[in-house]
Amino acid sequence: MKTGAVIDYKNPVIGIRNLWKSFGSNNVLQGFDLQLHSGENVAIMGKSGSGKSVLIKCIIGLLPIDDGELIVLGKSIPELNQHALDELRTDVGFQFQGSALYDSMTVRENLEFPLRRHREKLKNIAVDDLVKESLENVGLLHAIDMMPSELSGGMKKRIALARTLIMRPKIILYDEPTSGLDPVTGKEISMLINEIQERFQTAALIITHDLGCAKVASDRMVILHEGKNYAESTYDELSQSNDPPVKAFFT
């Protein structure tokens, strides 16, 4: 297990119990259970189509669940109206797989964008200061006036993370944070996820196919198999498992 973060095991920020989600006859999540604690990074691994991205979309209310319990920061997601859901999302950062930067906006404008709708949350800090601070946190202050087309893949990932950090979230959901990157840049992003966790005491769910990312950035790993939390432990412990569905990820 990696060290550095302060994890509060008495304070889950996400609680999921017996979660079900289907699309027609396709049962994707079939009684999934998970707790994410304050200050903890959990990597979720599963085969393509196993429901990893569906899970995080349910967590932020982009997809309605069919059954089960889904509590985020003390609030039941299925019971929230749209206004309450929008308020909750200001505390839950979402790192999109493709970075999702606006091509027609500079880096500065991309970071200013989420503040336009939720400025009241950080009204006592100047916008320009927030933008610069967020870029400094990912080591890219010099890119503030660049366009997305001028950025490398790794830089886009960092800018997208800066945009997430600008709202000071308590939880960050990473959707394949190292996908499309070379191994060296992927490791840099994984280390940055650690730095963010330690500096801001965020909790995070990391959806990934990248074993290296899971090893570097997670305190705990979950294997999503047949719609359930099939196994969970540290990377080191799971890597020694002889259970075929678990072992398949390490061979």
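Read-outs throughout are calculated quantities, based only on the coordinates presented, and are distinct from any laboratory measurement. Everything quoted here is computed from the prediction, not taken from an experiment. All Cβ positions, even for glycine, are placed from backbone atoms using ideal geometry, and neighbour counts span all protein chains on display.
A few notes on this one:
- For the options 183, 148, 78, a Gaussian network treatment of the chain with springs between C-alpha atoms closer than 10 Å singles out 183 as fluctuating the most.
- Evaluated with a Cβ-only charge set (Lys, Arg +1; Asp, Glu -1), the range 157-251 carries a dipole of roughly 400 debye about its Cα centre, given to the nearest 20.
- For the chain, a simple Cβ point-charge model (Lys and Arg +1, Asp and Glu -1, everything else neutral) yields a dipole of about 160 debye relative to the Cα centre.
- For residue 75, the lysines whose Cα falls under 28 Å of its own Cα, not counting residues fewer than eight places away in the same chain, are 10, 21, 52, 57, 121, 123, 170, 228.
- A simple packing score, the average count of other Cβ atoms within 10 Å per residue, orders the peptides 20-30, 61-71 as 61-71, 20-30, with the highest score first.
- Gyration tensor verdict on the range 80-190 (Cα atoms; rounded if a/c is under 1.5, prolate if a/b is larger than b/c, oblate otherwise): oblate
- Think of the range 18-140 as a dipole: +1 on every Lys or Arg Cβ, -1 on every Asp or Glu Cβ, centred on the Cα centre; then among 65, 102, 114, 102 lies furthest on the positive end.
- Between residue 129 and residue 199, the FRET efficiency from the beta-carbon distance, with R0 = 30 Å, is close to 0.95.
- Largest to smallest principal axis extent of the C-alpha atoms in the chain, angstrom: 50, 43, 36
- Over the chain, relative contact order from alpha-carbon pairs under 8 Å, at least 6 apart, %: 27 percent
- With a Förster radius of 35 Å applied to the beta-carbon distance between residue 76 and residue 27, the computed FRET efficiency rounds to 0.95.
- Each residue, residue 69 and residue 209, gets one label point 7 Å from its Cα in the Cβ direction; the gap between the two is 3.5 nm.
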